[in-house]
Amino acid sequence: MFLEPIPPSDEFLTLNFSLDRANRLQRWRNYGLSADFLGDYFATFFPGNGTDDGLSQRDTIKGSVSYIANELLENAVKYSTIDHDYPITITLHLYDNKLIFETSNIAPQQTIVEYENFIKALEERDPMELYLERLEKSALEDCEASQIGLLTMINDYQAQFGWRFVSIPDGQNLIQVTVMAHLSVEI
């Protein structure tokens, strides 16, 4: 489900990341810290009262936002080309009944073909079946593009996704990839 334009929200936060060849792996930990910051920030909008099992809605939101933001950022970094000056961007929008995550990065055309094949498989198959298949394949092979993170977000967090691919003018086969994830919440 790709919304364009994204409906206005009273609360949103955008982080931009520069990406260069030298610092790409050195900054990997920073992406996790940034995802945790987003989880902490957005958790403050939810009640902190604990339930019988000791979990509060705030803790649940914090964990969900941190996980989803981290997966989206890591995918954006992993599949980005570093031969450009475009930043990787993540924005979270808070609404009464959902959070919308939006990431944007620049990727080479060949990456997009693989991504579109995954999206097609996701539309045609049961996400849990696809998850188990990818998990097994990743255990047997050294498979970097397993999409297990995306499938976990769908199966465990009930996140709904939308994708947009836009060619960069004079971008030498570069594509702007925008991923939108919707997470249902109740404030």
Quiz item: (1) modelled with pLDDT under 95; (2) surrounded by 15 or more Cβ atoms within 10 Å (Cβ to Cβ): which one isn't true of Leu92, the others all being true?
Solution: (1)
Quiz item: Among (1) assigned to a strand (DSSP E or B); (2) within 11 Å of the chain's Cα centre (by Cα), which single condition is Arg164 missing?
Solution: (2)
Exercise. For residues that are among the hydroxyl-bearing types (Ser, Thr, Tyr) and more than 25 Å from Glu186 (Cβ to Cβ), scanning just region 95-153, find the one that is nearest to the chain's Cα centre (by Cα).
Key: Ser104
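Do we find that Leu140 is touching a helix residue (DSSP H, G or I) at 6+ places or on another chain (Cβ under 8 Å) and either closer than 29 Å to Ser9 by Cα or not hydroxyl-bearing (Ser, Thr, Tyr) (or both) in this structure? Please lay out each step first, then the result.
On the way: touching a helix residue (DSSP H, G or I) at 6+ places or on another chain (Cβ under 8 Å): no; either closer than 29 Å to Ser9 by Cα or not hydroxyl-bearing (Ser, Thr, Tyr) (or both): yes.
Against the criterion (touching a helix residue (DSSP H, G or I) at 6+ places or on another chain (Cβ under 8 Å) and either closer than 29 Å to Ser9 by Cα or not hydroxyl-bearing (Ser, Thr, Tyr) (or both)), Leu140 does not qualify.
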Self-check item: Which listed residue is farther than 20 Å from Leu183 by Cβ and among the small types (Gly, Ala, Ser), from Ser104, Ser138, Ser64
Solution: Ser138
Quiz item: How many residues, within region 139-155, are more than 23 Å from Pro108 (Cα to Cα) and either basic (Lys, Arg) or surrounded by 13 or more Cβ atoms within 10 Å (Cβ to Cβ) (or both)?
Solution: 4
Exercise. Considering every residue within region 102-121, establish whether at least one is part of a loop (DSSP other than H, G, I, E, B) and either on the phi > 0 side of the Ramachandran plot or of a type in the set (D, E, K, R) (or both).
Key: no
Self-check item: Number of positions in region 167-186 that are among the β-branched types (Val, Ile, Thr) and surrounded by fewer than 12 Cβ atoms within 10 Å (Cβ to Cβ)
Solution: 0
Quiz prompt | Leu99 among the aliphatic types (A, V, I, L, M) and either surrounded by fewer than 17 Cβ atoms within 10 Å (Cβ to Cβ) or outside any strand (DSSP E or B) (or both) | solution = no
Quiz item: Can you tell me how many residues in region 77-122 are closer than 17 Å to Phe12 by Cα and acidic (Asp, Glu)?
Solution: 2
Quiz item: Taking into account only those residues within region 1-40 that are farther than 19 Å from Glu74 by Cβ and aromatic (Phe, Trp, Tyr), which is modelled with the lowest pLDDT?
Solution: Phe2
Self-check item: Which numbered condition Val113 fails, given (1) farther than 28 Å from Leu33 by Cα; (2) β-branched (Val, Ile, Thr); (3) touching a helix residue (DSSP H, G or I) at 6+ places or on another chain (Cβ under 7 Å)
Solution: (3)
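The values are calculated or read from the model by the stated rules, or taken from the named source; none is laboratory data. Not measured: the values here are computed from a predicted model. Reconstructed Cβ throughout: ideal geometry from the backbone, glycine too, with neighbour counts over all protein chains shown.
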